[in-house]
Amino acid sequence: PCTDWSVHMIPRMSMIVVVMGVSGAGKTTIGQRLAQELGWPFIDADQLHPATNLEKLAAGIPLEDADRILWLKHVQAVIDDWLVSDASGVLACSALKASYREMIWRDPTHMRLVYLQGSPALIAQRLVHRQGHFMNPLLLPSQFQVLEPPIHAITIDVARPPEQIVRQIRTELHLEPA
């Protein structure tokens, strides 16, 4: 009989979970909870925006594609760092257009996309009660106009409580809590 147990061990494959959706969908809340339950690092892509983008958003000025290029390059760098170090992680990123997702999608064997979907009315209600965020709630209609819902993603209805959403994500991705 073989006494080398490592032969029978299946290596754990790293995974990067990108949680996407419009502002107010719950990307940060869900992403943080998921990362905490899994014992993985969490990064909110909003923290990677250049100051000029944050100023525009706070003033209620929608970003254009050109405004997002540097931001998306920062998001790419985070994902690349995780991939190079074979690390798992959770990234909250609006990634509203397919072209943005294509730009950050680095390795489909190690990445999964979770789309937090909600009605404009529900999301608007959430934004009214959110405090201390740079995003001007008046930009929500422009977010829904730009949104290109992903085809290949785990789509989650955000009307449910966060713990149920996180449980569904873990179940669909076959991830056990740390």
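Out of curiosity, is Phe144 assigned to a helix (DSSP H, G or I), over 22 Å from Ala35 (Cα atoms), within 18 Å of the chain's Cα centre (by Cα) and at pLDDT below 95?
Yes: the conditions hold for Phe144.
List the residue pairs whose Cβ atoms are under 9 Å apart, where the first residue sits in region 33-53 and is under 15 Å from Ala92 (Cβ atoms), the second is open to solvent by 40 Å² or more (accessible area, probe 1.4 Å) and among the polar types (S, T, N, Q), and the two are 6 or more positions apart or on different chains.
Phe42/Thr28; Phe42/Gln32; Phe42/Gln36; Asp44/Thr28; Asp44/Gln32; Asp46/Thr28
Please report, ordered by residue number, the helices (runs of 4 or more DSSP H) entirely within region 15-124 with at least 3 residues that are over 10 Å from the mean Cα position of the chain (by Cα), surrounded by fewer than 21 Cβ atoms within 10 Å (Cβ to Cβ) and acidic (Asp, Glu).
Passing ranges, in order: 65-84.
For region 161-178, what are the residues that are at pLDDT 95 or above and assigned to a loop (DSSP other than H, G, I, E, B)?
Pro161
So which of Ile61, Ile30 ends up being touching a strand residue (DSSP E or B) at 6+ places or on another chain (Cβ under 7 Å), of a type in the set (Val, Ile, Thr) and either free of Cβ contacts under 8 Å to residues at least 40 places away in the same chain or within 25 Å of Gly118 (Cα to Cα) (or both)?
Ile30
The values are calculated or read from the model by the stated rules, or taken from the named source; none is laboratory data. These figures come from a predicted structure and were not determined experimentally. Cβ: placed from backbone, ideal geometry, glycine included. Neighbour counts: every protein chain shown. Side chains are part of the model used for accessible areas, which takes the heavy atoms of the whole protein and leaves out ligands, DNA and RNA. Shrake-Rupley method; radii C 1.70, N 1.55, O 1.52, S 1.80 Å.
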